[in-house]
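Contents: one structure, followed by commentary.
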Amino acid sequence: MKRVITYGTYDLLHYGHIELLRRAKALGDYLVVVLSSDEFNAVKGKRAYFPYEERKAMVEAIRYVDLVVPEYDWDQKPDDVKKYDIDVFVMGDDWTGKFDEQLEGLCEIVYLPRTPEISTTQIKQDMQIR
Ligand code: C2G
């Protein structure tokens, strides 16, 4: 059983998110999504449209996802990798290299190409126009 983990806010769920989760799951058999809490989003300088519980319910409904748990701070990744017995850490390549130091030697580290032309920020901007 190969166990994969990834992190994110997953606000205004879109096909870029789904494509990341689909490819992450394809790297193993079990996918843990560590979902940014509303408080941690404030630390990241993000304000999600949907609160944590709604974002959690939506991500849990995705066929590729096996478990959703909260992300509270930048430094919990090594503990999460041990706690959930993780083999592979995956993120979109906007994060390339950012977590290598923290996770070196604990698990495989994979950065996948982002899906172009879609982002939560873009959706928010487009909606304001229409
Ligand atoms: N993503 C993607 N393609 C897009 C948009 C997002 O592949 N067009 C990926 C991101 O690279 C990330 C995941 O989808 O791996 C979730 O994106 P966000 O919700 O924006 O996550 P982020 O705020 O980057 O949180 O500790 C890490 C942070 O929690 C990452």
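The values are calculated or read from the model by the stated rules, or taken from the named source; none is laboratory data. This structure is a prediction, so every number in the text was calculated from the model and none was measured. As a convention, Cβ positions derive from the backbone with ideal geometry for all residues, glycine included, and neighbour counts pool all protein chains shown. Accessible surface is based on the protein model in full, side chains and every heavy atom, while ligands, DNA and RNA are left aside. Shrake-Rupley method; radii C 1.70, N 1.55, O 1.52, S 1.80 Å.
Brief remarks follow.
- Pairing each residue of segment 65-84 that is more than 10 Å from the ligand (Cβ to nearest atom) with any residue that is assigned to a strand (DSSP E or B) and open to solvent by 20 Å² or more (accessible area, probe 1.4 Å), provided the two are 6+ apart or on different chains, yields C-beta distances under 6 Å for 66/30.
- Scan of segment 104-116 for residues that are more than 8 Å from the ligand (Cβ to nearest atom) and touching a helix residue (DSSP H, G or I) at 6+ places or on another chain (Cβ under 6 Å), ordered by number: 106, 107, 109, 111
- Evaluation of residue 12 against the conditions (1) free of Cβ contacts under 8 Å to residues at least 60 places away in the same chain; (2) at positive phi shows that the sole unmet condition is (1).
- The test for being over 26 Å from residue 108 (Cβ atoms), free of Cβ contacts under 8 Å to residues at least 60 places away in the same chain, more than 9 Å from the ligand (Cβ to nearest atom) and β-branched (Val, Ile, Thr) holds for residue 43.
- Only one of the numbered conditions (1) within 9 Å of the ligand (Cβ to nearest atom); (2) modelled with pLDDT under 95; (3) not hydroxyl-bearing (Ser, Thr, Tyr) is violated by residue 24, and that is (2).
- Once segment 107-130 is narrowed to residues that are open to solvent by 70 Å² or more (accessible area, probe 1.4 Å) and in contact (Cβ under 8 Å) with a residue 12 or more places away in the chain, the residue that is nearest to the chain's Cα centre (by Cα) is 114.
- The set of residues from segment 1-21 being among the β-branched types (Val, Ile, Thr) and within 8 Å of the ligand (Cβ to nearest atom) comprises 6, 9.
- For residue 50, the stated conditions do not hold, so it cannot be described as within 11 Å of the ligand (Cβ to nearest atom), in contact with an Asp or Glu (Cβ under 7 Å, 6 or more places away or on another chain), more than 22 Å from residue 26 (Cα to Cα) and of a type outside the set (S, T, N, Q).
- Output for segment 15-42, where each listed residue is surrounded by fewer than 18 Cβ atoms within 10 Å (Cβ to Cβ) and part of a strand (DSSP E or B): 30
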